[in-house]
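One structure is given below, encoded as structure tokens.
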Amino acid sequence: MTVRGNAPAIIGRMKGIPNGRGLRFPIRGENLDVMGYMRGFDKFLLADDSLIETMARFRTLYRENFLSQFEATPENKRNWLIHSVLANDRKMLFLVETLEGKIMGQDGFTLDEDGRTFYLDASMRWERGSGNLFQRGGVERSAMGFCLLGREKCVVEIFKSNAIVVDNSLRAGFTVEKEFHLRVERKDGIVSYLKEKDSGRVNTDAILLSLGLGKDRFAEMNRSIVENPCWSRENCGEELVCD
């Protein structure tokens, strides 16, 4: 089956909307050896209580890496999945799986409203021992944004203190473009970090880095992935085309 249409329609198909299962895409190394898979989160997974509990537990565990920090529960996690993922035609969430189908964590991307930018986001590793599965998954997601969905720039936003993720992003070809000083607010158990232009309102030493990667630079570094897309009929069972 070939799906033709705009970017939101393709993202919807990745999620299995309206009544199908989310599509599964291979994660491959530089030589196109399959290392694992990205499975699109679909509505049927909402019924997996163990999965939702795991997602909530790790969102709480890794909350210091997010601008919005709170104790996640299965209830508010499920609500987020319904309203902020499945109902959002600019957002995609994947479960990251080993070759044997074991779920190692999650990854995602979000299309910006400007029509040219997308963000890699929602990344959380739940299990150790996955090698560079998540780094290579980032390459596959970037290829989707650039080559399938027609975006020109990829952005990741990372706390400067998260040195390992910053270093991995730099090695992937990203460059630091902006540093945001932040204002922190605390209300009803939620800690929110906000980008602040007024230096007089900055009340934390935390700094958010914005790193960018252009389409041409990505293609230079990942020619084999660009020429052999993970969303081809051979790789995911369907061919997704964005007119």
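With q set to 0.20, 0.30 Å⁻¹, the log10 of I(q)/I(0) for region 73-131, from the Debye formula over equal scatterers at the Cα positions, is -0.85, -1.18. Peptide packing for 229-238, 90-99, 139-148, 117-126 was compared via the average number of neighbouring C-beta atoms within 10 Å per residue; ordered from the highest value, the list is 139-148, 90-99, 117-126, 229-238. Which lysines does LYS15 reach when only Cα atoms under 27 Å apart count, and residues fewer than 8 places away in its own chain are ignored? Once the sequence-local lysines are set aside, what remains near LYS15 is LYS43, LYS77, LYS91, LYS102, LYS153, LYS215.
When Rg is the radius of gyration of the Cα atoms in region 1-160 and Rh is its Kirkwood radius, what does Rg/Rh come to?
On the way: Rg = 15.1 Å, Rh = 16.1 Å.
Radius of gyration relative to Kirkwood radius: 0.94.
Once the 1.4 Å probe is applied to the protein heavy atoms, the chain comes out at 51 Å² accessible per residue.
Of all accessible surface on the chain at a 1.4 Å probe, what whole percent is carbon and sulfur? Let's see the in-between values first.
Working: 5760 of 12350 Å².
Carbon and sulfur together cover 47 percent of it.
Taken about its Cα centre, the chain carries a charge dipole of about 160 debye when Lys and Arg each add +1 at the Cβ and Asp and Glu each add -1 at the Cβ. On C-alpha positions alone, give me the angle between the axis of helix 133-143 and the longest principal axis of the chain, in degrees, nearest 10. Taking Cα atoms only, the helix is inclined about 80 degrees. Per residue, the chain reaches -7000 deg cm²/dmol at 222 nm when only DSSP H runs of four or more residues are counted, each adding -39500 (n - 2.57). For region 117-232, dividing the convex hull volume of the Cα atoms by the residue count gives 140 Å³ per residue.
Rounded to the nearest whole Hz, the Karplus-based 3J(HN,Hα) values (6.51 cos²θ - 1.76 cosθ + 1.60, θ = phi - 60°) of region 200-208 follow the sequence x, 9, 5, 10, 8, 7, 5, 10, 9, with x at glycine and proline.
The values are calculated or read from the model by the stated rules, or taken from the named source; none is laboratory data. What you are looking at is a predicted structure, and each value in this text was computed from that prediction instead of being measured. Every residue, glycine as well, gets a Cβ built from its backbone with ideal geometry; the counts of neighbours run over all protein chains shown. Heavy atoms of the whole protein, side chains included, go into the accessibility calculation; ligands, DNA and RNA do not. Shrake-Rupley method; radii C 1.70, N 1.55, O 1.52, S 1.80 Å.
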